[in-house]
Amino acid sequence: MSKLKIAIFLSGRGSNFEAILKNIETKSLDAKIECVVSNNPNAAGLNIASTYNIPTYTFSPKKFKNTEEYEEAILSKLSNHPIDLIVCAGYMKLIGPTLLNAFTNKIINIHPSLLPSFKGLNAQKQALEYGVKLSGCTVHFVDSSLDGGAIIRQVSVDVKEGDTEETLSKRILKQEHIVYSNVIQLFAKGHITIKNRNIIIN
């Protein structure tokens, strides 16, 4: 069976991207990263891609008239690769209709909270300020809303007394590195079915 071909979208350090690469190397994930797309030319994740000789494409949203033109430029590069799934790994830009229509139910994201709680930026800070006892991470399909797509899998992390944004983020990130590859593997094996907002894993 051929490996799942994925495109990584990132804006920053690329820690989830690196974890996915390592799981591919250890053969616990049957996937191949075809390319990396970024909206930030200074993203550290691009350096990781270069180390592995993975093609990278950088687009500055400010250089385009609108999101449609920006995403059409991305699609033109993605068309050079046989992409089965787009994996957002710290991609700090909302996905627009152009990409959503081209990759319907084929774009996933990981968010550092138990959605639908604490959407958007600084989710761990939001959780601490609210005083929750459980936080965690969520892997979900991407739709037109902010962190609002159908939930595939969630992992909870205890919030400890004295936790800071840094300590909580670190424990959540450790779980992200595990669950994201697990979900990609389920996708690779055809075990994920989406019906409306209900995800069936078989």
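Here is how the numbers come out for the structure above:
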{"read-out": "Selection count where residues are surrounded by 11 or more Cβ atoms within 10 Å (Cβ to Cβ) and either in a helix (DSSP H, G or I) or of a type in the set (Gly, Ala, Ser) (or both), scope the range 144-202", "value": "28"}
{"read-out": "Residues satisfying the stated conditions in the range 129-154, i.e. of a type in the set (Phe, Trp, Tyr) and either within 12 Å of the chain's Cα centre (by Cα) or farther than 14 Å from Lys119 by Cβ (or both)", "value": "Phe141"}
{"read-out": "Pick from the range 108-143, criterion within 26 Å of Leu75 (Cβ to Cβ) and touching a residue at least 40 places away in the same chain (Cβ under 8 Å), ranking: surrounded by the most Cβ atoms within 10 Å (Cβ to Cβ)", "value": "Val139"}
{"read-out": "Residue that is at pLDDT below 95 and either among the small types (Gly, Ala, Ser) or over 20 Å from Phe103 (Cβ atoms) (or both), where the choices are Ser145, Ser135, Ser117, Ser156", "value": "Ser145"}
{"read-out": "Strands (runs of 3 or more DSSP E) completely within the range 13-112 that count 2 or more residues being under 16 Å from the mean Cα position of the chain (by Cα) and at pLDDT 95 or above", "value": "31-38, 85-88, 107-111"}
{"read-out": "Within the range 74-94, tally of residues that are in contact with a helix residue (DSSP H, G or I) (Cβ under 9 Å, 6 or more places away or on another chain) and without any contact (Cβ under 8 Å) to a residue 60 or more places away in the chain", "value": "3"}
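The values are calculated or read from the model by the stated rules, or taken from the named source; none is laboratory data. Treat the numbers as computed from the prediction; the structure is a model and nothing was measured. Positions of Cβ are generated from backbone atoms using ideal geometry, with glycine treated the same way; all protein chains shown enter the neighbour counts.
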